[in-house]
Amino acid sequence: MSRRASAVAETRRRIIDATRELHTEQGIAATSWDDIAARAGVGVGTVYRHFPSLDDLVPACDEVSMQIVGLPDPAEVPALFDGLDTPAERIGRLVQEAFAIYERGARELRPVRREPDVHPSVAAAGAALEASLSALVDAALAPLDVPLQERALARAMIDLNTWEALRGAGLDAPSAVAAVSEMLAARTAARATSR
């Protein structure tokens, strides 16, 4: 890569990183072009040259953010549960996989959850998150014959808000996974014995 092309790529990345930081700090809609330029250390004209509109900038930011989040492909999710036969194993893997998404990318997901209507690419990122989480719940619980209402409860227990509450209460990552896994496994076991 030539020196000029490298400098252009570096400036573009600084603008994207500055924008993503601002989106997490103050929100997507509240972030101005002036804010972005100041944070990136470039002029507003430079931001516009690289990203002439929000339709250029927001998707570029979302692409980087979703790489960090690393959502599992819903089609590949069932393989994550291969060889796990007991309810406790399957539920443990479900919680572990969901909470690992948040450990990697909660910062990136918060603006997606707060402002889904600000741009179609943000809505698409939110839909991708929901598809991955739903696929995890379905793959983990379908073989256990868990009713839809119980699946909805499991989905709520692996939500970003639940993870944030547990981490905010001082639980480290393994303890948060264990707490939710044990609660869901106990509920599944109780339901199985009451049938």
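Brief remarks follow.
- In region 62-151, the trypsin sites (Lys or Arg not before Pro) that fall in loop regions by DSSP, at most 13 other Cβ within 10 Å: none
- Helices of the chain meeting both criteria, an alpha-carbon length of 20 angstrom or more along the long axis and an average Kyte-Doolittle score not below 0.5, with helices taken as full DSSP H segments, are 54-69, 120-141, 173-194.
- Binning all Cα-Cα separations of region 93-195 at 10 Å, short to long from zero, yields these whole-percent fractions: 14, 45, 30, 10, 1.
- Signed unit charges on C-beta, dipole axis of region 68-194, positive-most listed residue P120, L171, T86: L171
- Reported label for calculated Rg and Dmax of the Cα atoms in Å given [x] 20.2, 76; [y] 20.1, 70; [z] 15.3, 41: [y]
- Distance from region 97-125 to region 1-75 (C-alpha centre basis), Å: 16 Å
- Averaging the sequence gap over all C-alpha pairs within less than 8 Å and six or more residues apart, then dividing by the number of residues, gives region 68-194 a relative contact order of 37 percent.
- Considering only A30, A185, A40, the mean-square fluctuation computed in a Gaussian network model of the chain, springs between alpha carbons under 10 angstrom, is largest for A30.
- Extension gain (nm, one decimal) between L144 and R49, 0.36 nm per residue minus Cα-Cα: 28.8 nm
- Taking θ as phi - 60° and the Karplus parameters 6.51, -1.76 and 1.60, the scalar couplings of region 70-76 work out to x, 5, x, 5, x, 5, 9 Hz in sequence order, x denoting glycine and proline.
Quick note: the coordinates plus some simple rules give every number you see, no bench work behind them. Since we're looking at a predicted model, the values are computed, not measured. When we count neighbours, we look across all protein chains shown, and the Cβ atoms used for this are built from the backbone with ideal geometry, even at glycine.
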